[in-house]
Amino acid sequence: MNAALPPALLRSVLVALMLAIFLGALDQTIVAVSMPAISAQFNNVGLLAWVISGYMVAMTVAVPIYGKLGDLYGRRRMILTGTALFTLASLFCAMAQSMEQLVLARVLQGIGAGGMVSVSQAIIGDLVPPRERGRYQGYFSSMYALASVAGPVLGGWLTEYLSWRWVFWINLPLGLCAWWVARQALDGLPVARRQAQVDYLGAVLLILGLGSLLLGITLVGQGSHWQSAPVLTLLVCAALGLLVFVLHERRTAEPLLPLHLFGNRAAVLCWCAIFFTSFQAISLTMLMPLRYQGITGAGADAAALHLLPLAMGLPIGAYTGGRLTSLTGRYKPQILGGALLMPLAILGMALTPPQAGLLSGVFMLLTGIAGGLQFPTSLVGTQSAVEPRDIGVATSTTNLFRSLGGAMGVACMSSLLLAMLQHGGLELGANPLLGSLQAGEPDAATQARLMETFRHLLLASAGVSLLGLCAAASMPDRQLRGHS
C-alpha cells in the first residue's frame, strides 16, 4: 500500500523514523570505545565480544520477526514496542553489576533495536511510492553516517569524563523522545495488515545454532581446546541447530531465510562480500580502541578520536559508492575496488604503530572507505539480481548477512586476541590491555609484546578480507535494471 499523506504529516513521520534509525545505529558504535573501561571494572575480557555480538545476533534474528508481526498487528504498534524494549534494556545495561548481566541486557536491547530499524524501513515501503524511496533511504543512510561519526566521540567523552554507564543512561531520554515522537507522528496512519505466518521455530533454531557457534569460538579463545567436552558440545549443538534450521526453512510456508534465493549466484556473492566487509568493519571498531589504549595508555576520549577516521571513512565510502553506482549503472567495480583496498589498508594499519597519528589515521580512513564502498553497493547488487517479487526478502537477507558478519567478526577476532595474549604470557586481565584507566602507560617490554600481538591480529584480519576479495572478483558484472 502506498497511501498519499499530507506533506506535513509525512515530514513528522520521517522525523520519527529517523530518530528510531539513529538510536538503533548509535548503539552499534557508541559502546566500542567504552569496552576497555567495562572490562577493567568487571575484570572480565572473556565475555567482551558478547557485549557487541549478543546485541547484533539478537537484532539479526529480530528483524524478520518484527516484519511479520508488523504485517499482522500493524507497524505503529511494533515500532513502539521495539523502542520501549530498547529503552528499558538500556536501563538494565546501565545498572548491570557483572559482565553476564550486561550481556543479557544487550541481547534484550538488540531485540528492541531490530524492531526500530526494520519497521521503520517497512513503514517507508508502505507510504512512499517506489520511485521516491531512494530519496528517503538516503535520509536513513545519513542517520547511519551521523551515528558512525558521533558514536565513538560521544562514547569516548562520556566514558572518560563521567562513566561507561552513561553510554547507556543517555539512551533513556533519547529513547523516550523517540517513543513519544513515533507515537504522536504515527497516530492515525492507515494500517496495512495482511495474513502472515511468523517463523518462530526458525528463529529459535537460528539462535541455537549461531549462539552455540559463537560461544564455542569464545571458549576456544579463552584457552579451551577444540576437542574439550564443552567446546565439542557447543559445536555439535551449532551444527545440529543450523542443519535442522535449513531443513525447516525448506518446508515452512514463510521462511525466515528463503533458501530458493541461494540458487542466485550474483545474490550469494553479494551476501558473501557484505558478510566479510561487516566482519572487518565491526571487529575493527571494537579492537582498535583496545589496541590504542593498551599500547599508549591513553584515555577513552583519545581512543575515540583515534577511531574517528575509521568511522568517518564508512559514510564517505558509502556515499561515493552510491553515486558511482547511480552514474555507471554497475555495482561490481565499486565492490571490487573496496575489496581490493580493504586488505591493503588493514596491512598498513598492522605495520603502523598507533602512536603514528597521521599515518595510522590515513590507513584507518582507507579501511573505512573500503568498507563503505561495499555496503550499499552489495545491497543494490542483490536487489538487482533477484526478481522484483523477491526484493523484500532479498533485502532482509542482506541485512541478516551484514549482522552475522559483524557478530562473527567480533567473536572470532576477540577470541584470537585472547588466545594470542595467553600464548604470549600476558594475563587476560592485565591493565596494559585494558588501557590506562588504572595503570597508565605500560612498560616498554609489555608495550612491545602488545604491539606484536596486535600486529599479528591485524595481519590475520587482512588475510580474512581476502575471502571477501575472492567473492567480489567472482561476481558477474551486470548492468543494473533501469539503466540503458
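Readers should treat all values here as calculations from the given coordinates under stated rules, not as data from a laboratory. If you're wondering where the values come from, they're calculated on a predicted model, not measured in any experiment. Glycine also receives a Cβ, built like all others from the backbone with ideal geometry; neighbour counts cover every protein chain displayed.
Quick notes on this structure:
- Relative exposure of Ser474, Ser326, Ser283, Ser415, judged by other C-beta atoms within 10 Å (fewest first): Ser326, Ser474, Ser415, Ser283
- With the helix formula -39500 (n - 2.57) applied to DSSP H stretches of n ≥ 4, the chain reaches a computed 222 nm mean residue ellipticity of -27500 deg cm²/dmol.
- Sequence ranges 290-298, 252-260, 342-350, 51-59, ranked by mean other-Cβ count within 10 angstrom, highest first: 51-59, 290-298, 342-350, 252-260
- When the range 25-71 is reduced to its Cα atoms, the Kirkwood hydrodynamic radius in Å: 12.2
- For the chain, the longest principal axis of the C-alpha atoms and the axis of helix 48-73 are separated by about 10°.
- From the largest down, the chain spans 66, 47, 47 angstrom on the principal axes of its Cα atoms.
- Segments 106-113, 306-313 sorted - mean Cβ within 10 Å per residue, highest first: 106-113, 306-313
- Mean projected area (nm²) of the alpha-carbon convex hull when the range 200-251 is viewed from all directions: 3.2
- By average C-beta atoms within 10 angstrom, highest first, the peptides 150-162, 93-105, 266-278: 266-278, 150-162, 93-105
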